[in-house]
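> Just passing along the structure, written as structure tokens.
The values are calculated or read from the model by the stated rules, or taken from the named source; none is laboratory data. This structure is a prediction, so every number in the text was calculated from the model and none was measured. Cβ coordinates were reconstructed from backbone atoms using ideal geometry, including for glycine residues, and neighbour counts include every protein chain displayed. Surface accessibility is based on the protein's heavy atoms, side chains included, excluding ligands, DNA and RNA. Shrake-Rupley method; radii C 1.70, N 1.55, O 1.52, S 1.80 Å.
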Amino acid sequence: RSQRSLAPLLEKTSSTPMARNLSSAARQAAITVDALVVGAGPAGIASVLSLWGRKVAWVDPSFSAGRLARLKTVACNTKVDLLASPRHFHHPLFEPVRDSVAAEVERLNHGAKPLPTSLDPSELGWTTLGSCKRVFDAATSGMLVSHNVTALHGSVESLRHNAAKSSWSADVCLGDSLPKTEVHARSVVLATGTVPRRTVESQLSPNIDVEVAFDAELLRAKFELDPAGPQGRRVAVIGKSHSAAIALANVHLLAEQCDLRVTNFVRREVRLAEWMPSIASYKYNSTGLKGFGAVFGREHMMSSSLKAAWMRRRPMDDFDEQHWDYVIDCTGYCPAPLPALPSGLATSSSPVRDVLTGQLGEFPGLYAVGAPWGEPPGHLWGSGAGA
């Protein structure tokens, strides 16, 4: 649901201030809250802020902005003009933590870099996911001092639905040496994030995780584990997304020194997003490259630019894993593993989610939010016009 629409899902209840972290003595006792939010990435942060003023149990292993902690140097595909606008970090949702995030938003603005060959007009410029992470970290710090937010550093192992009480129970693991904590909540919001999708499960060629390919030094170390063959190191990069552009840029950087023979396998032509000033949004927003991805894509990934000797492009139907020493799958992300769910949901490999309400399956009060779930346009964490 919209970032301002989770709160109405819960009925008004009296709230007693609670410490943000459970003491050792309290860890064995069950706690009762209005909502349980699982995950502290951008979607989890937005969910807790949308429930501001209610009693919330918030569970995450590290409270460090989710997967952004791994992607600090990756170029963001959203220009700072939008990040610093009311659509994003100046959204009313951030009002409760405005004092906490103000300095980092200002730092984001001043640290923005231009993209000289970009066709996307930008007054402030572009940045990295690391700069965005600092804003989310500041928001998290501001949220954790609220007496209505109980932070549990751990993971949710399982969820149970109590139909008679219209409530949920969760088993929260706080570490190997600590007892589990049981949380009772009227609603559960799963903001559990994503993992890279694997279109090709290669048995013959080592898969290089796309997030390893985002870091040139990690990628170099991966290639240098094995000596190059007589045909060099044959690398297949699958996809034409922003992730593919970032990965291919690092492969390009290493192509000569690591003796790489690179082919990009795609299903259709690369597309660039087009900024439309009249509506302050993009055409092809969800499918087109933006920012650094668009610059690199225009220079290296489009039919008109495929002249360099370092890379070829072929249709995905031509891919044959036996011809490649390494495969980098850049076809996107899918939902990360969920906690153990009630019977019915648990038997489904991909639980059905209502794209408008966010409800997961047929059980009331269970919601899934975030990037992998196809949010409607305009959501802070989704893939709509403002993303």
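> From the convex hull of the Cα coordinates of the chain, what is the mean projected area in square nanometres?
If you wrap the Cα atoms of the chain in a convex hull and average its projections, you get 21.0 nm².
> Taking all protein chains in place and a 1.4 Å probe, what share, in percent, of the accessible surface of the range 203-288 do carbon and sulfur account for?
That share works out to 51 percent.
> Based on the alpha-carbon gyration tensor of the range 193-321 and its eigenvalue square roots a ≥ b ≥ c, which shape applies: rounded if a/c is under 1.5, prolate if not and a/b is larger than b/c, or oblate?
Prolate, because a/c is 1.5 or more and a/b exceeds b/c.
> Can you tell me how the range 123-189 classifies by the Cα gyration tensor, rounded, prolate or oblate, using a/c under 1.5 as the rounded cut?
prolate
> In whole percent, and with a 1.4 Å probe on the protein chains, what portion of the accessible area of the range 118-172 is carbon and sulfur?
54 percent
> Let me ask something else about it. What whole-number value in Å² describes the accessible area per residue of the chain for a 1.4 Å probe?
46 Å²
> State log₁₀ I(q)/I(0) for the range 127-249 at q = 0.12, 0.20, 0.21 Å⁻¹ as given by the Debye formula over alpha-carbon point scatterers of equal weight, solvent excluded.
For the range 127-249, the Cα-only Debye profile gives -0.79, -1.17, -1.23.
> Now a separate question. Contour minus end-to-end for residue 280 and residue 323, with contour as 0.36 nm per residue of separation and end-to-end as the Cα-Cα distance?
11.0 nm
> Right, here's the next one. Mind pulling the angle between the C-alpha long axis of helix 242-254 and the longest principal axis of the chain? Nearest 10 degrees, somewhere in 0 to 90.
Tilt relative to the chain: about 50 degrees.
> Among the lysines, select those whose C-alpha is under 27 Å from the C-alpha of residue 283, and discard any that sit fewer than 8 residues away in the same chain.
Of all the lysines, those that pass the test against residue 283 - Cα under 27 Å, at least 8 places apart if same chain - are 79, 113, 133, 240.
> Looking at the chain as a GNM with Cα springs under 10 Å, which of 196, 315, 227 has the largest mean-square fluctuation?
227
> Please sort by residue number the chymotrypsin sites (Phe, Trp or Tyr not before Pro) in the range 218-303 whose DSSP state is loop and whose Cβ has at most 13 other Cβ atoms within 10 Å.
Filter output for the range 218-303: 284.
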